[in-house]
Amino acid sequence: MFATQVILLIAAAAVSATPTSRSGNESTTWTTNWTTEPRTDAPVNVCEEILVTEGNLRGNYGQAIAHRLHSITRDDIRYYFGVDVSDENGITTGSEDMSPEVERVLPNAPSADYDKEILTQAMKQLDKVLSHMDNKDYSIVNYSILEKIAHSFHMSELWARSKLHFDLLSVNPVPEEVCRCLTSPDSDVIPYLELLALKIKFPGLTSGLNPPAAPPKDAAYNIGIGYSFSFKNKEESAPPAAPPANTRKEGFGPADDSAYKLYIEVYKDSEYAKNLRSFDFSGDDADVVSRAQQELVDGDAGLDERLDGEEGWQAWKEGFKSMDDFDNYQFAVYMHCMLQ
């Protein structure tokens with residue numbers, strides 16, 4: 001097995017050295033027409049089987065891909081995956097604008113507007129965050145500037161790790177039916193991306209503690225502290241149920257020092273997953289938040305550690321390092337399908 005991976009990696013490196021490389025500064029221009037064509041007509045249950053048996057994906061693929069997709073831009077795609085996508089690229093991502101009633105999920109990855117006079121990617125990302133440091137509606141709600149910088153670098157790490165799998169897929173691609181199912185609007189990618197974008201803007205709303213009218217003070221999205229996707233069948237475990245209405249206090253429940261985190265358990269065929277797939281994320285913010293805090297309760301009460309000292313950083317770093325690299329493979333398959 002190891003020898004096969006080495007051979008594939010060498011082959012991928014050879015491919016990346018050609019003039020049509022998807023790596024380095026050379027890029028391939030790509031424009032999608034999937035916005036006007038149906039991506040699949042396969043039933044959802046058939047696609048679920050195809051994704052597992054033919055694509056070697058896991059039941060958590062929607063969450064894994066959404067996590068890596070939610071802040072990607074055209075510039076990031078070009079830098080990490082070597083493909084220069086058009087404005088109408090069909091790669092859905094989250095908005096960085098947290099203003100009221102602004103679209104939370106974008107149909108196309110936007111330009112990052114990096115400063116072109118800056119040479120290194122790290123400095124470009126740092127400049128982007130610091131250039132918005134006075135804008136309270138920029139990026140993740142209630143993150144400190146340091147936490148926003150750490151998040152930006154964390155996403156770069158995930159994309160760089162995904163690129164290693166992406167290169168192997170260029171010489172050993174998944175079957176076409178896997179791509180048809182994975183990029184279908186009926187897959188789990190968009191529902192989990194919508195959920196993630198909602199939690200980033202309204203941290204703690206799915207905790208089940210109180211009806212959230214607004215994010216609690218200092219609450220914020222958890223980029224993955226103690227992060228791991230554990231796969232459980234419904235019979236083994238189930239997401240926490242919403243507490244009875246008479247146990248809820250007035251106002252928003254999480255404490256002032258709590259913060260948003262993506263709920264990381266996967267409940268196959270659970271009522272929660274079914275509710276998420278059918279949940280309507282359209283409408284004004286108040287309406288969506290009100291329905292989500294009733295229908296999408298998952299026990300997500302917020303971030304465990306803030307990045308306010310060495311101890312906090314050690315917790316964040318250990319969380320990053322504990323992330324399953326297989327999820328980077330799942331994202332690589334998605335990008336392979338979208339960019340081929």
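Here is how the numbers come out for the structure above:
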quantity	calculated
Of all residues in segment 294-309 being open to solvent by less than 10 Å² (accessible area, probe 1.4 Å) and of a type outside the set (A, V, I, L, M, F, W, C), the one that is modelled with the lowest pLDDT	G302
E157 vs. criteria within 24 Å of F81 (Cα to Cα), among the acidic types (D, E) and without any contact (Cβ under 8 Å) to a residue 12 or more places away in the chain	no
Set F331, F281, F326: member being open to solvent by 10 Å² or more (accessible area, probe 1.4 Å), modelled with pLDDT of 95 or more and under 18 Å from L195 (Cα atoms)	F281
Test result for D186, at pLDDT below 95, open to solvent by 50 Å² or more (accessible area, probe 1.4 Å) and within 30 Å of D134 (Cβ to Cβ)	no
Flag for E194 being modelled with pLDDT of 95 or more, over 26 Å from C337 (Cα atoms) and not in a loop (DSSP other than H, G, I, E, B)	no
Leading residue by the ranking (surrounded by the fewest Cβ atoms within 10 Å (Cβ to Cβ)) among those in segment 93-117 that are over 20 Å from Y143 (Cβ atoms) and within 16 Å of the chain's Cα centre (by Cα)	P107
Residue match in segment 117-140 (condition: part of a helix (DSSP H, G or I), within 29 Å of Y61 (Cα to Cα) and in contact (Cβ under 8 Å) with a residue 40 or more places away in the chain)	yes
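For (1) open to solvent by 30 Å² or more (accessible area, probe 1.4 Å); (2) charged (D, E, K, R), each residue gets a yes or a no:
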residue	(1), (2)
I91	no, no
L119	yes, no
L146	yes, no
A150	no, no
F153	yes, no
L158	no, no
R180	yes, yes
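The values are calculated or read from the model by the stated rules, or taken from the named source; none is laboratory data. Note that the coordinates shown come from a computational prediction; the quantities given were computed from them, not determined experimentally. So basically every Cβ, Gly included, is an ideal-geometry build from the backbone, and we count neighbours across all protein chains shown. Just the protein is used for accessible areas: all its heavy atoms, side chains included, with ligands, DNA and RNA removed. Shrake-Rupley method; radii C 1.70, N 1.55, O 1.52, S 1.80 Å.
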